[in-house]
Amino acid sequence: MNIGINALSIRNQYAGIGVYTINLIKALSQIDRTNRYVLFLNPENYHGFKVEQDNFENVLAHAPFHKYYMWEQIYLPFVLKKKKIDILHGPRNVLPLLCKIKSVVTIHDLAFLLFPEIIQSRPLNYWPLFVKRSAIKADHIISVSESTKKDIVRLYNISEHKITVIHEACNNSFKRIEDESALKRISQKYGLPARYILYVGTIEPRKNLNVVLEVMDILNKYNLNIKLVIVGKKGWLYAGFYDTLQRLGLENNVIFTGYIPAEDLPGIYNLAKIFVYPSKYEGFGLPLLEAMSCGVPVIASNVPSIPEVLGDAGILVGHDDPKEFAHKIYELLTDKEISAKMSSKGFERIKFFSWEKVAKETRKVYERVYLK
């Protein structure tokens, strides 16, 4: 098979779909030396991302990042024909609608439908327009969770038989770090407090960080000497979060690191006492796996698809219940036995997820589509 992968989401600052795409490609290269892969990359990573195998080829997309939707919709179909691609995989929710070859699309979530405010400032509502049409057009859909699969069936009226669930994974760099000097270096580099609760992700309403601020306000009454560290960039409609931060007077209790290079992130997790994930909705929730891999106890909201990822290895509470969040955090901070138990369960849970498994199951999808 000649397989094309739309890798435009791979950027220097890896996040979200870019992380999924780069790890999928690396895992495919480790299990498959037979099929030919053509990777369509943006200028930012055309030279920096290279798979050193004869069956992998890079092709440059000549477009600035904000114009990628034009390149993938207008020019990519011509490039696919020129490169004699048999199957195109769109890992970032969309396919070129003019594409006449067999295709597979990975749909990570339908947050843009469930939370339409996140796209209201865009001049072109690319996702609502193209994700549904891509889902209908695709020969097969990969969903990263059962929760997202149900959303696709319910919101797009697509047969569940057309969808395969393949859970994500996290890479091997996320693990328990025993080197105290390495951890000290990370702590000093980012000015981290001695004890902190960690959140990793975008600052936007869907991530529900206002609840965590209310939790910190409650915890302050117990003199626990704990701060909140937020790793991630500002996203959609972030201003409300900062308004709440000021209203509660928590400016000195929250540390913002901004984007963290991939090589430093495991250290940030390792130094945390607790990882919180209060999201209102997730397609998967990769930071949950990263935290468990580093031995950090997890407290998260009980919304799809978080229980699917955590199993019994995390503590689940209502996403709109700051008192319950605060109570569970207090328990973990003051009871070493419970904290150790949750850490141990996390290590067991993470064994169910691997990029090798993702690659093997994805290749099976390619083969099934190719032989149709």
Filtering segment 121-158 down to residues that are touching a helix residue (DSSP H, G or I) at 6+ places or on another chain (Cβ under 8 Å), polar (S, T, N, Q) and either within 24 Å of Tyr370 (Cα to Cα) or at pLDDT 95 or above (or both) yields Ser143, Ser145, Ser147
Residue ranges of strands (runs of 3 or more DSSP E) in segment 253-356 with at least 1 members farther than 21 Å from Glu146 by Cβ, not β-branched (Val, Ile, Thr) and not assigned by TED's automatic domain parsing to the domain that holds Ile31:
254-258, 274-277
Would you check which residues across segment 213-235 are in a helix (DSSP H, G or I), in contact (Cβ under 8 Å) with a residue 12 or more places away in the chain and over 15 Å from Ile274 (Cβ atoms) and list them?
Leu213, Glu214, Asp217, Asn220
Of the conditions (1) surrounded by 20 or more Cβ atoms within 10 Å (Cβ to Cβ); (2) within 22 Å of Glu204 (Cβ to Cβ); (3) not small (Gly, Ala, Ser), Pro297 fails just one. Which one is it?
(2)
Scan segment 69-110 for residues that are assigned to a strand (DSSP E or B) and either farther than 27 Å from His167 by Cα or not basic (Lys, Arg) (or both) and jot them down.
Ile87, Leu88, His89, Gly90, Ser103, Val104, Val105, Thr106, Ile107
Among (1) in contact with a Lys or Arg (Cβ under 9 Å, 6 or more places away or on another chain); (2) more than 19 Å from Ser293 (Cα to Cα); (3) of a type in the set (S, T, N, Q), there is one condition Asn171 misses while meeting the rest; what is its number?
(2)
Residue set Gly240, Gly235; condition surrounded by fewer than 18 Cβ atoms within 10 Å (Cβ to Cβ) and over 21 Å from Phe325 (Cα atoms); output residue Gly235
Collect the residues in segment 153-212 that are surrounded by fewer than 19 Cβ atoms within 10 Å (Cβ to Cβ), in a loop (DSSP other than H, G, I, E, B), on the phi < 0 side of the Ramachandran plot and not polar (S, T, N, Q), keeping them in residue-number order.
Ile158, Lys175, Arg176, Ile177, Glu178, Asp179, Pro193, Ala194, Arg195
Go through segment 84-101 and count every residue that is surrounded by fewer than 19 Cβ atoms within 10 Å (Cβ to Cβ) and at pLDDT 95 or above.
3
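The values are calculated or read from the model by the stated rules, or taken from the named source; none is laboratory data. No experiment lies behind these values; they were computed from the predicted model shown. Every residue, glycine as well, gets a Cβ built from its backbone with ideal geometry; the counts of neighbours run over all protein chains shown.
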